[in-house]
1. Please return the ranges of helices (runs of 4 or more DSSP H) entirely within the stretch 628-699 where 3 or more residues are surrounded by 15 or more Cβ atoms within 10 Å (Cβ to Cβ) and more than 26 Å from the chain's Cα centre (by Cα).
2. If we keep just the residues of the stretch 317-331 that are in a loop (DSSP other than H, G, I, E, B) and either open to solvent by 40 Å² or more (accessible area, probe 1.4 Å) or acidic (D, E) (or both), which is farthest from H431 (Cα to Cα)?
3. From the list V543, V528, pick out the single residue that is open to solvent by less than 50 Å² (accessible area, probe 1.4 Å) and of a type in the set (A, V, I, L, M).
4. Please tell me if H96 is away from the ligand (no atom under 16 Å from the Cβ) and crowded, with 21+ Cβ neighbours inside 10 Å.
5. With under 17 Å from A380 (Cα atoms) and assigned by TED's automatic domain parsing to the domain that holds A462 as the only criterion, which of G317, G361, G348, G301 stands out?
6. Report the residue count in the stretch 254-295 for those that are assigned to a loop (DSSP other than H, G, I, E, B) and within 14 Å of the ligand (Cβ to nearest atom).
7. Helices (runs of 4 or more DSSP H) wholly in the stretch 118-203 with at least 2 residues that are within 11 Å of the ligand (Cβ to nearest atom) and assigned by TED's automatic domain parsing to the domain that holds V253 - which ones?
8. Out of (1) hydrophobic (A, V, I, L, M, F, W, C); (2) surrounded by fewer than 18 Cβ atoms within 10 Å (Cβ to Cβ); (3) in contact with a Leu (Cβ under 6 Å, 6 or more places away or on another chain), what's the single condition that is false for V202?
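The values are calculated or read from the model by the stated rules, or taken from the named source; none is laboratory data. Since the model is a prediction, treat every value here as computed from it, not as a measurement. All Cβ positions, even for glycine, are placed from backbone atoms using ideal geometry, and neighbour counts span all protein chains on display. Areas reflect the complete protein model, heavy atoms only, side chains present, ligands, DNA and RNA absent. Shrake-Rupley method; radii C 1.70, N 1.55, O 1.52, S 1.80 Å.
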Amino acid sequence: MTSQVYYERHQSLAVIRINNPPVNALSQSVREGILHALEEALADDRISAIGLLCEGRTFIAGADIREFSQPPQAPSLPEVTNAIEASEKPVIALIHGTALGGGLEIALASHYRLATKGARFGMPEVNLGLIPGAGGTQRLPRLVGVPLAIEMIVHGRKIDAEQAYASGLVDEILKGDSLLQSCLDLCPSLTNIGVAGRRVSVRSIPKPVEALACLEAEESRMRASGAKRQAPVQCLRAIRAAVEHVFAEGARVERELFLECKGSDEHLGLAHAFFAERRAIKIPELAHANPEPIRSVAVLGAGTMGRGIAISFLDAGFPVCLFDIDQAALEKGLNAISKHYDRSVAKGRLSREAADNRIHGLNSTLNYDALSDIDLIVEAAIESMQIKCAIFKELDRVCRPGAILASNTSTLDIDQIAASTGRAADVIGLHFFSPANIMRLLEVVTGTNTSNTTKATAMALAKSIGKVGVLVGNCYGFVGNRILYRRLPEAISLVTEGATPEQVDRVMTEFGFPMGQFAMSDLAGLDVGYRAREERRQSGEEVPRSWLDVLVEHGRLGQKSGAGVYRYEAGDRRPKEDEEALRLIAAFREAQGVVPRRVEDSEIRERCLYVMVNEAFKILDEGVARCESDIDVVWNCGYGFPADKGGLMYWARKEGLPFILERIRSLYGETGLEQWQPARGLLAAVDQANFDATTSSTG
Ligand code: T1G
C-alpha cells in the first residue's frame, strides 16, 4: 500500500481505506495505492467483495488539483476507475461527506454505492475550467440520465443523498454511521448478486429520445447565451459522445477534451482563483490567535444591507437580533426577511420547515439594552461617520466586555469609529457586499488597535457563514471599493470625452464582467455615490462634478427610480439606452466646453483596467492588502471579475506588466493625474521582470 491507502480484511470482505487529509484528494500515491490494494484483493481467494471508504471528514473530493500543473504521473485516474469496474469481485463505494469530481468517478466505476444520509455528490470540474476526465461524462448519464447529468456536469450542481438515491446514483442510504459495519452487513447479499449487470459502462443511456432532446435544448441554450467559458461547452460535447457512442469511444472523446481543458488558460485562471481563496485565510500573524466563540449576533439597521446580513447569519444557523431605532423600519425589515424565505420555499430552494427554523432564529428590538449579552454586533446603518460614532458610543455603553463591535461601513475610517468607544481592540470592519446573503466576499477591515483575537474571530466567522474572508487594512474604500473608485471616474471621463455609457459597459462585459460599470451604478443607486461625494465636498475636499451628478439632480437615481444612466421598463431590470440621459450628458459636455471625440474600445479597456492595476499596486505598497492574490480574491468574489482570468493581478501579469506600465506612464504624461502616477510596486515588479528576463536569456 502507500502511506495514504491501507488494506485490511474482514472475513471475506477486503477494505481499501484511504487516508489523505484534508479531503482525500486522488494524488498519485492514492491512485497507486488503490490499484495495489485492488490487485491484492483480487488475488486473495478468501475475498468475495471489496469495500472502498475514506477516513476523515469526507469521501474523495476529487483529483489532486495541485498535480495538474505538473507532468502527469501513472497511474492515471481512468486506469484506476477502469480497473475497479473490471473487477470480478464487487467493489462497494461507501460514501460520506462529499464525493466530488474524481471521487464521484471512483464511485461510479464501483459496482455498488452506499451513502450516509448527509452525503453530497457533485462534478465541480467545470468550475475549474475542466471536464470530468475519468469516465464521469460517460457513466453518470448512463446511471442517472442525461438531464440530471447535464445539471451536475455542465452546471456543477451538487445533489444530496436523497436526490442521489432517487436518481439511482446511490443504491442505499445507510441508517447507521458505521460505514464498515454497514458494508459487512451487506457484503453477503452483494456478493451473491456479484458484478453482472452492475457495470455502468455497459448500460445504455436511459430514455434516449428524451436524452437527445434535452442535449439539443442545452446546446441551443448555450449558443444563445453567448457564454465565453469553454469548459461547459466541452462538458456538453463529452455528454453527447456518451449518447452517440459506446463507452470506449465516448471515453476516448472525453479524455481528448479533458486534456484540452487541462492545458487551457481558463483552467489555469480558475485553479489560481480556487487556491487564492484558500490562501487568503492563511494569515501568519494570526497563527497563534484563538478565535472567540460567537453564539449570538445582532444586526443594527433593518435596511437592505442589514436584512441581507441578518439572512447570511440565519442561513448559517446563528440566532439573530435585528435592531433598529425606528419601529416602522424594523417591521419593514422583518417582513422583508420573512418574504425572502417564503420566496425561497416557493422556488424550491428551501423546505418550509428549514425556512421556519431560520425565521425562528430571528428576533428584534428597538432597545440598545437588549444587546448587552450579544457576542457580535454588526452595525449596518447609513454611511455617515457621525451616525456610526454615535451608535458605537452606545454599543460601548451597553455591550458586554469582549463582545465584538463590527461596522459594515464600505469606505469609512475604522479607527475613527473605534475611537468613539473605549474598546478599540474589539472593533473591526465586516464589509459585506450587496446582496449580502449572496455575494461571497467579506472584507475584514482591521483598525490600528484591533486585536489579533478579534481578527481571528472575524476570519473564522467568515468561513462559518460561507463567506470568503479577506483581511484588509484601513483606508478610504479599503481594497475593493478603493479600486472601484478609480475605475468609476475613468469610466465617467471616457463618457465625458465622447464614449457612450453603453459602449463603456459593453467593453467591460465583453472582458467578462457580469455587468458594466454604469449598469452596476444604476443597480446600487446613483444617489448612494452622490451622497458620499457631496459629504466629501462639504468637508472641503475637491471632488469634481460630473454628468453623473447631473443625472441624480434630475431625479435619475438608477433602477430604484426607473431611470438612471439607463432607463428600466416596469418589472424589467435590463438596462436600455435612454435619449434623455444622453441629452443631459451632451449638455454637460457643452457646459464644460468639451467637444466629444471618437473613443476606441481598446482605450476604454486599457484606461478602466490599468487604473485598477495601478491602484492595486499602491494598495500593496501601503500594506492595505497582504498580497496580490488577496486582491484577486476581493475582485473575483466581490465585483464579478471573471475568475477564468484568475483575478485582477493574475490577469495583469499575463497581460504584461511592462506594457501596462508603459501605458500608465504615457497617460500620466498626458494628464498629470495622480491615479496615473506609476505605483512603486509596479515599477519594482517590472524591474524584477526585466532582471529575470535578462538573467534567463544570459543563462
Ligand atoms: N485537490 C487538492 N487540494 C484540495 C482539493 C483538491 N481537489 N480540494 C480541496 N483541497 C484542499 C484546499 O486547497 C485546502 O487546502 C483544503 O483542501 C481544504 O479545502 C479527474 C479532473 C472539498 C468542498 O473541484 O470544493 O477531480 O488550504 O478549505 O471548505 O475528473 O475543498 O488546507 O492547504 O475548500 O471544507 C474536482 C474542490 C477536482 C473539489 C471542502 N474536485 N474542493 O471544502 O475545505 S478535478 C473539486 C472543494 C477532478 C477528475 C477531475 C472543497 C471541499 P489547505 P477547503 P472546505
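1. Because the criterion is at least 3 residues that are surrounded by 15 or more Cβ atoms within 10 Å (Cβ to Cβ) and more than 26 Å from the chain's Cα centre (by Cα), the helices (runs of 4 or more DSSP H) in the stretch 628-699 that meet it are 657-671, 680-698.
2. Per the criteria, the residue is D326.
3. Values: V528 fails: open to solvent by less than 50 Å² (accessible area, probe 1.4 Å).
Only one candidate qualifies: V543.
4. Numbers: away from the ligand (no atom under 16 Å from the Cβ): no; crowded, with 21+ Cβ neighbours inside 10 Å: yes.
So H96 does not fit the description; no.
5. Working: G317 fails: under 17 Å from A380 (Cα atoms); G361 fails: under 17 Å from A380 (Cα atoms); G348 fails: under 17 Å from A380 (Cα atoms).
Within the list G317, G361, G348, G301, the selection yields G301.
6. 7
7. Values: elements: 136-144, 146-153, 161-167, 179-193.
Here the list reads 136-144.
8. In the conditions (1) hydrophobic (A, V, I, L, M, F, W, C); (2) surrounded by fewer than 18 Cβ atoms within 10 Å (Cβ to Cβ); (3) in contact with a Leu (Cβ under 6 Å, 6 or more places away or on another chain), V202 misses (3) alone.
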